[in-house]
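Asker: Here's a structure for you.
None of the figures in this text is laboratory data; all of them are computed from the coordinates on show. Keep in mind that this is a model prediction, so the values were computed, not measured. Here Cβ is always computed from backbone atoms with ideal geometry, including for glycine, and neighbour counts include all displayed protein chains.
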Amino acid sequence: MSTARIQPTACAFSSTIKQHLRLRPQPSLCFNHGAIRGRGTLRRTLRVYMSSAPSPSPLEICVKASVTTPSKLGDCPFCQRVLLTLEEKHVPYDMKLVDLKHKPEWFLKINPEGKVPVINLSEKWVSDSDVITQALEEKFPSPPLGTPPEKASVGSKIFTTFIGFLKSKDPNDGTEQALLSELGSLNEYLKENGPFINGKDISAVDLSLGPKLYHMEIALGHYKKWTVPDSLPSVKSYMKTIFSRDSFIKTRAQPQDVIEGWRPKVEG
Ligand SMILES: N[C@@H](CCC(=O)N[C@@H](CS)C(=O)NCC(=O)O)C(=O)O
């Protein structure tokens, strides 16, 4: 479990933020929202302080902003995967919330591809959650979160089968069955090997799958009134365990953003 908590003495804004905002550090709060206006764009930042002893300067990470509440984190499962990794490793970070509908110039300079997450590691901006989480494992090996290669693909077809079912307009086209079959395989696997995919400890594969299952639960619940059946108890308890971790609660998207995020796929 993450031991992230508010740490009063560690509060400080970066000099850039101080310069722009002319704010004084707030001694009693370590979860600060800020906004930087530059060249007509609003750049939101959210600095999170962690409780681990040596506190290196926070890593800058660009993540999707909420579409319903722009000052909050949005509904990108790949961003959440990276944030979960940072939380589980107790690495402090500084979120830059990016409005993906109106990508600011500063963000496109950082990542011309225009995708989040992007993280600043050793003065280099790195994109793609696969690459980022691997780099974080190397840079911050403790606690180890690596998943053995033979277990890394467990549950890997769930996200695409969920999207197929979500987009489907024909109840008899087999898309629900395809999802149930993938969830059924995960259920069998967890029954034998759980509670996590690598056994007793959470690892990278869970941090990737967890946000996708969260999207599945919210989107299918809303658009199809569908829930994971009771015949898959190991999957249900796996979801419950991951969703109730401190790290997950702190980094999860708001349900209304998940619903809005999937709307074009459902209606398109
Ligand atoms: N393979 C990438 C996928 C990242 C991705 O697709 N991010 C989406 C947000 S969830 C994005 O930035 N989309 C760009 C856009 O919407 O314009 C990863 O794992 O990081």
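Asker: List the trypsin sites (Lys or Arg not before Pro) within segment 177-268 that DSSP assigns to loop and that have no more than 11 neighbouring Cβ atoms inside 10 Å. Numbers along the way, then the final one.
Answerer: Working: sites: LYS191, LYS200, LYS212, LYS224, LYS225, LYS236, LYS240, ARG245, LYS250, ARG252, LYS265; in loops: LYS200, LYS225, ARG245, ARG252.
Taking segment 177-268 and a limit of 11 other Cβ atoms within 10 Å, the loop trypsin sites (Lys or Arg not before Pro) found are LYS200, LYS225.
Asker: Can I ask one more? Taking a ≥ b ≥ c as the square roots of the eigenvalues of the Cα gyration tensor of segment 178-253, is the shape rounded (a/c under 1.5), prolate (a/b larger than b/c) or oblate?
Answerer: Details: a/c = 1.98, a/b = 1.08, b/c = 1.83.
Because a/c hits 1.5 or more and a/b fails to exceed b/c, segment 178-253 counts as oblate.
Asker: Once label points are set 7 Å from the Cα along Cα→Cβ at both ASP201 and SER231, what is their separation, rounded to one decimal in nm?
Answerer: Result: 3.7 nm between the two label points.
Asker: According to the square roots a ≥ b ≥ c of the eigenvalues of the Cα gyration tensor, what is the shape class of segment 120-252, taking rounded for a/c under 1.5, prolate for a/b larger than b/c otherwise, and oblate for the remainder?
Answerer: Numbers: a/c = 2.04, a/b = 1.58, b/c = 1.29.
Prolate is the answer for segment 120-252, as a/c is 1.5 or above and a/b outweighs b/c.
Asker: Follow-up. Going through the cross-link list LYS72/LYS139; LYS115/LYS169; LYS96/LYS240; LYS167/LYS200; LYS72/LYS212, which pairs have a Cα-Cα distance over 25 Å in this structure? Each step should come with its number before you reach the end.
Answerer: Numbers: LYS72/LYS139 28 Å; LYS115/LYS169 29 Å; LYS96/LYS240 29 Å; LYS167/LYS200 35 Å; LYS72/LYS212 19 Å.
Over 25 Å apart, Cα to Cα: LYS72/LYS139; LYS115/LYS169; LYS96/LYS240; LYS167/LYS200.
Asker: For the pair SER142 and TRP106, how long in nm is the line joining their label points, each one 7 Å along Cα→Cβ?
Answerer: Here the modelled spin labels are 3.5 nm apart.
Asker: Please order PHE78, PHE140 by the number of other Cβ within 10 Å, starting at the fewest. Working shown, then result.
Answerer: Numbers: PHE78 21, PHE140 18.
By the 10 Å Cβ count, ascending, the order reads PHE140, PHE78.
Asker: Treat the count of other C-beta atoms within 10 Å as a stand-in for reagent exposure and order LEU180, LEU86 from fewest to most.
Answerer: Values: LEU180 17, LEU86 26.
Ascending Cβ contact count within 10 Å gives the list LEU180, LEU86.
Asker: Calculate the FRET efficiency for GLU188 and ASP130 from the Cβ-Cβ distance with a Förster distance of 30 Å, rounded to the nearest 0.05.
Answerer: Taking R0 as 30 Å, the efficiency between GLU188 and ASP130 is 0.70.
Asker: Just going by the charge dipole of segment 149-267, with Lys and Arg at +1 and Asp and Glu at -1 on Cβ, which of ASN193, SER247, SER168 is farthest out on the positive end?
Answerer: Farthest towards the positive end: SER247.
Asker: Debye calculation, C-alpha points only, no solvent: report log10 I(q)/I(0) for segment 67-183 at q = 0.18, 0.20 Å⁻¹, in the same order as the q values.
Answerer: -1.06, -1.15
Asker: Give me the extension gain from LYS265 to PHE243: residue separation times 0.36 nm, minus the current Cα-Cα distance, reported in nm with one decimal. Write down the numbers at each step before the final one.
Answerer: On the way: separation 22, 0.36 × 22 = 7.92 nm, distance 2.43 nm.
Separation in residues times 0.36 nm, less the Cα-Cα distance, equals 5.5 nm.
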